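The values are calculated or read from the model by the stated rules, or taken from the named source; none is laboratory data. Everything numeric here is computed off the predicted structure, so don't read it as measured data. So basically every Cβ, Gly included, is an ideal-geometry build from the backbone, and we count neighbours across all protein chains shown. Note: accessible area is taken over every heavy atom of the protein model, side chains too, but ligands, DNA and RNA are not part of it. Shrake-Rupley method; radii C 1.70, N 1.55, O 1.52, S 1.80 Å.
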Amino acid sequence: MPSASSRADGLWKLAWTCSPVVEDSLVWRLEQVGIHHTATVREPRRRKVVTVLAWVDRQAWSEQQVRELASSLATLAAAFQAPVPHFSFAPQIREEWASSWKQHWRPDPVGNALLVLPAWLGCPPEQRHRRVLRLDPGRAFGTGEHPSTRLCMEALEGRQGVVKDALVVDLGCGSGILGITALALGAARVVAGDVDPMAVSTSRENGALNAHGPERLQVVHGSSKALLPWVGSGADVLLCNILAPVIMELAPDFAPLLKTAGGQGWLSGLLISQADDVQKRLADLGWTAELAATRQGWALLAFTTCTT
């Protein structure tokens, strides 16, 4: 039986095997209860499931509390008409944690010319022709693996003419991956924001990993209104990879953030089944939005400058 000191120093490793459509909401709910150490395991041969891992302090979380948490999250799948996630948990020595989640992350090619590279790994020789985006997600969400993130990254790559020399706003920046992508593709400056202080610090650190200081990657703590002083007359490009209900709540603030003429926005983090509702919300505010791409049940909407 473990000693009291080993229990106090230990962690619970939690695992949910679930449909990919549930992943975003699951990670978001974990963040809401203060669980920031997460990772997602994807197996190429099992595209219909992912495993979301999380680590919590065993001194702060009893076994009963862990079981109650799992029970409260079991209902998430119903909203997506997906199977109930399979949950398991086990104790883990704290010293093993730092390397444990990193073992699941490898160099990740995105689109035709991008490579998300874990900060602690070297670039594989066969990928050296790609534009390297060094990343250490730390406690923030966003490694580039999730379909909604990839949709945004590929949209930026596919419209480099729009991105080059642009002022880009990244609303809900997480790890900073989308802003760093925009800068790698030639954006002049990125203004990013997140309500999570950990996301702010992680985005700044990842910017530094890619040699982007605050003069090029300005990261602000706060939501849409906190970004307004940094965008002047408006950005050329607006990115928002957040859950659909949050997008609809923030939509009225898109107008002052984006240029009144020639602005281009991309929205992700929403399911294909939610796209119509988000499009209607944007149309009610005077925007023109269209379904630009889909992947594994997730949608990317492209919208253009307000017409009113």
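For the range 18-55, a residue qualifies if it is aliphatic (A, V, I, L, M) and in contact with a Gly (Cβ under 9 Å, 6 or more places away or on another chain), and exactly one does: 21. Of the helices (runs of 4 or more DSSP H) lying entirely inside the range 241-308, those containing at least 2 residues that are within 21 Å of residue 182 (Cα to Cα) are 254-257. Across the range 195-208, the qualifying residues are those that are under 18 Å from residue 31 (Cβ atoms) and either small (Gly, Ala, Ser) or touching an Asp or Glu at 6+ places or on another chain (Cβ under 6 Å) (or both), and the one among them that is modelled with the lowest pLDDT is 199.
Just checking, does the range 238-245 include any residue being over 16 Å from the mean Cα position of the chain (by Cα) and of a type in the set (A, V, I, L, M, F, W, C)?
no
The numbered conditions (1) over 28 Å from residue 279 (Cβ atoms); (2) open to solvent by less than 20 Å² (accessible area, probe 1.4 Å) are all true for residue 189 except (2). Across the range 195-227, the number of residues qualifying as aliphatic (A, V, I, L, M) and in contact with a helix residue (DSSP H, G or I) (Cβ under 6 Å, 6 or more places away or on another chain) comes to 3. Among the residues of the range 112-127, not one is modelled with pLDDT under 90 and polar (S, T, N, Q). Put simply, of 31, 68, 63 the only residue that is within 18 Å of residue 269 (Cα to Cα) and of a type in the set (D, E, K, R) is 31. Got a sec? Which of 235, 255, 182, 211 is modelled with pLDDT of 95 or more, among the aliphatic types (A, V, I, L, M) and surrounded by fewer than 20 Cβ atoms within 10 Å (Cβ to Cβ)? Only one candidate qualifies: 211. Selection over the range 161-176 of residues that are open to solvent by 10 Å² or more (accessible area, probe 1.4 Å) and either in a helix (DSSP H, G or I) or over 20 Å from residue 228 (Cα atoms) (or both) gives a count of 3.
Within the range 147-170, the residues that satisfy the criterion of being under 16 Å from residue 293 (Cβ atoms) and of a type in the set (D, E, K, R) are 150, 154, 157, 159. The residues of the range 28-63 that are touching a residue at least 40 places away in the same chain (Cβ under 8 Å) and in a loop (DSSP other than H, G, I, E, B), listed by number, are 36, 37, 42, 47, 58, 59, 61.
Being closer than 20 Å to residue 233 by Cβ and touching a residue at least 60 places away in the same chain (Cβ under 8 Å): is that true of residue 270 here?
no
Close Cβ contacts (under 7 Å, 6 or more residues apart or on different chains) running from residues in the range 109-134 that are more than 13 Å from residue 145 (Cβ to Cβ) to residues that are at pLDDT below 90 and basic (Lys, Arg) comprise 120/102.
Conditions tested, residue by residue: (1) in contact with a Lys or Arg (Cβ under 9 Å, 6 or more places away or on another chain); (2) of a type outside the set (S, T, N, Q).
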site: 116; (1), (2): yes, yes
site: 122; (1), (2): no, yes
site: 125; (1), (2): no, yes
site: 133; (1), (2): no, yes
site: 152; (1), (2): no, yes
site: 156; (1), (2): no, yes
site: 160; (1), (2): no, no
site: 180; (1), (2): yes, yes
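Residue-level check: of (1) open to solvent by 70 Å² or more (accessible area, probe 1.4 Å); (2) assigned to a helix (DSSP H, G or I); (3) touching a helix residue (DSSP H, G or I) at 6+ places or on another chain (Cβ under 8 Å); (4) not aliphatic (A, V, I, L, M), residue 25 misses just (1).
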